[in-house]
Amino acid sequence: VSQSRYASGYNGEGSLGDNSTTNRNYPVRCTNQSTVGWLGETLQKSFNQTKIIKVDISNNGIRGTQNTTSCFALGDDGSLWSWGYNAFGQLGHGQSTTVSGDQFNNKIVPTRIPATFFQSKRIMDFMIVGNQFTSVLAIDEDGDLWGWGCNYTGELGIGDQNTVTNNHAIPTKIGYDWKKHGGIS
């Protein structure tokens, strides 16, 4: 069973997910019917066929930052989809093998973050931190935490802020044994 997602408003960075960058004064459907993933892999279901159980955006409720919105949707099958603003790699797509130099480009349709980036584990929940400088954290089915996006002050917990790059376009498993402290939820 699929559900439709709709959005309206500013769309200069593709954050409405309607395959355009045209602002909309009326709701439009967030849509992607492709079953080919970001890295060219075959997906079992397109975004339109996936039952979405959670949607969130960066900049939620923050005035003056509407042109830097990154959007995320979690499917009931553990898939994680993202679209919109991606200047810091916060969409989690990493470097494409099919689109040269497209690592930090915005995405105008919901695009699945490759499952291989999460060691093919199902994502159970996610959280967005920040506004324009967005960081994302996700919990997989084993209770492990993953982080990507901005890491200017160590907010991802992966221990490498102030190195060559503070932007992580590929989800990185946070090397901490959460289970010995009761896990995270």
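What follows is calculated from the coordinates using simple rules that are stated; it is not laboratory data. These numbers come from a predicted model, not from an experiment.
Report ³J(HN,Hα) in whole Hz for each residue of the stretch 170-180, in order, from the Karplus equation J = 6.51 cos²θ - 1.76 cosθ + 1.60 where θ = phi - 60°; Gly and Pro get x.
These are the phi-based 3J(HN,Hα) values: 10, x, 10, 5, 7, x, 9, 7, 5, 5, 6 Hz.
Just report the Cα centroid separation between the stretch 37-56 and the stretch 126-159, whole Å.
First find each Cα centre; the distance between them is then 21 Å.
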